[in-house]
Amino acid sequence: MATEALDATAISRDLFSASIGSVACCYVGQPFDTVKVRMQTRPDLFTGIYSASASMLSNEGIASFWKGSVPTAGGMVLENCMAFGVNEALKRTFPDNEGGSTEGGAPNLLKPFLMGSITGCFSATVLLPSEVVKAKTQVVVGKPVSSQEIVRKMIKSQGMRSMFVGLDAQLCRDAPFYAFFFGGYDLFVYGFRTYVPSMPEELNYFLSGGFAGMFGWTMAMPFDVPKTNVQSRYDTKVVGSYFPELMKIIRERGLTGLYSGLGPTVVRAFPANAALFLGVEMGKKFFDNLFTP
């Protein structure tokens with residue numbers, strides 16, 4: 001099983017399809033993500049989706065919704081190559097006896113969630129630098145600032161360790177997110193195949209990916225808010241700032257403060273992750289048509 005999991009063709013297929021899905025996901029979902037970050041870091045100014053969106057549009061122009069998209073796209077490619085690569089390798093190493101949900105058999109109800117959690121720990125280490133740059137870029141109000149300027153400011157302020165601040169925050173967010181993300185996707189795919197057998201496979205992938213994204217982000221949002229606040233500042237530690245920030249948010253805003261930005265995040269999650277999974281599945285088919293004898 002280990003040999004099968006490390007098969008070069010299978011790994012290439014995973015990386016190719018994840019890259020296609022990542023680019024589609026980034027540019028579909030980035031506007032919603034920028035609004036989410038503004039709401040999480042400046043709740044005093046942006047009390048809702050509409051106020052944040054209207055402020056950005058009137059004061060900064062439509063391009064402001066794609067702030068941080070370049071590091072995000074790069075980070076997403078790395079993140080999803082790691083995430084889908086690790087998750088698919090785990091599936092090949094520990095296959096369901098019934099063939100797995102994406103192969104038509106009944107899914108194991110626990111295994112996809114456990115594998116997703118493990119995947120999140122791996123993915124967090126790859127995603128971290130681009131998440132830090134993205135968060136700092138997105139909170140800049142007014143004059144557009146490039147990711148290169150942000151990186152220079154980070155290095156000047158904290159040195160190379162600035163690229164890895166909030167490592168504990170990233171792990172605390174990504175482990176539960178990917179558990180529900182990949183676990184939810186397998187269950188949704190199986191559910192649609194079982195109860196809506198006439199549904200085209202492409203539509204199944206699209207809907208299942210969208211719902212899995214909403215499911216994952218709803219469960220992970222309380223961990224994401226303190227993560228965003230920690231990574232958007234220039235005075236935080238690599239490890240150790242997350243839990244104090246978590247308690248600070250609860251004291252100042254209550255438990256509801258941990259769900260700041262949930263609206264745009266869930267709205268974004270459906271189209272962005274629908275595009276991601278559809279791109280991944282179509283990428284697999286394209287790869288198979290090109291390289292499978």
Checklist entry - Here are some residues: TYR185, TYR195, TYR190. Which one is within 21 Å of the chain's Cα centre (by Cα), more than 22 Å from THR34 (Cβ to Cβ) and hydroxyl-bearing (Ser, Thr, Tyr)? => result TYR185
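Which one is modelled with the highest pLDDT, of the residues in segment 58-81 that are farther than 12 Å from THR34 by Cβ and among the polar types (S, T, N, Q)? Step through it out loud before you land on a result.
First pass over segment 58-81, keeping only residues farther than 12 Å from THR34 by Cβ: 58-59, 61, 70-71, 73-81.
Pick out the ones that are also among the polar types (S, T, N, Q) and you get 58-59, 80.
Values: SER58: 75, ASN59: 75, ASN80: 86.
Filtering segment 58-81 for residues that are farther than 12 Å from THR34 by Cβ and among the polar types (S, T, N, Q), the one modelled with the highest pLDDT comes out as ASN80.
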Item to check | Qualifying position, being under 30 Å from SER55 (Cα atoms) and in a helix (DSSP H, G or I), among MET160, MET154 | outcome: MET154
Checklist entry - From the residues in segment 141-164 that are more than 17 Å from VAL230 (Cβ to Cβ) and of a type in the set (Val, Ile, Thr), which one is modelled with the lowest pLDDT? => result VAL141
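Residues are listed down the side, and each one gets a yes or a no for (1) under 15 Å from the mean Cα position of the chain (by Cα); (2) modelled with pLDDT under 70; (3) crowded, with 22+ Cβ neighbours inside 10 Å; (4) not in a loop (DSSP other than H, G, I, E, B):
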{"site": "PHE16", "(1), (2), (3), (4)": "no, no, no, yes"}
{"site": "SER22", "(1), (2), (3), (4)": "yes, no, yes, yes"}
{"site": "PRO31", "(1), (2), (3), (4)": "yes, no, no, yes"}
{"site": "THR34", "(1), (2), (3), (4)": "yes, no, yes, yes"}
{"site": "ARG38", "(1), (2), (3), (4)": "no, no, yes, yes"}
{"site": "PHE46", "(1), (2), (3), (4)": "no, yes, yes, no"}
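For segment 220-276, give me the residue count where each residue is of a type in the set (A, V, I, L, M, F, W, C) and in a loop (DSSP other than H, G, I, E, B). Write out each step before concluding.
Of segment 220-276, the ones of a type in the set (A, V, I, L, M, F, W, C) are 220-221, 223, 225, 230, 238-239, 243, 246-247, 249-250, 255, 258, 262, 266-267, 269-270, 272, 274-276.
Applying the additional criterion that residues be in a loop (DSSP other than H, G, I, E, B) yields 238-239.
Residues in segment 220-276 being of a type in the set (A, V, I, L, M, F, W, C) and in a loop (DSSP other than H, G, I, E, B): 2 in total.
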Checklist entry - Which of (1) within 26 Å of VAL280 (Cβ to Cβ); (2) at pLDDT below 70; (3) surrounded by 18 or more Cβ atoms within 10 Å (Cβ to Cβ) is the odd one out, the single condition GLU103 does not satisfy? => result (3)
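The values are calculated or read from the model by the stated rules, or taken from the named source; none is laboratory data. Predicted model, so just to flag it, every value in this text is computed and none were measured. Reconstructed Cβ throughout: ideal geometry from the backbone, glycine too, with neighbour counts over all protein chains shown.
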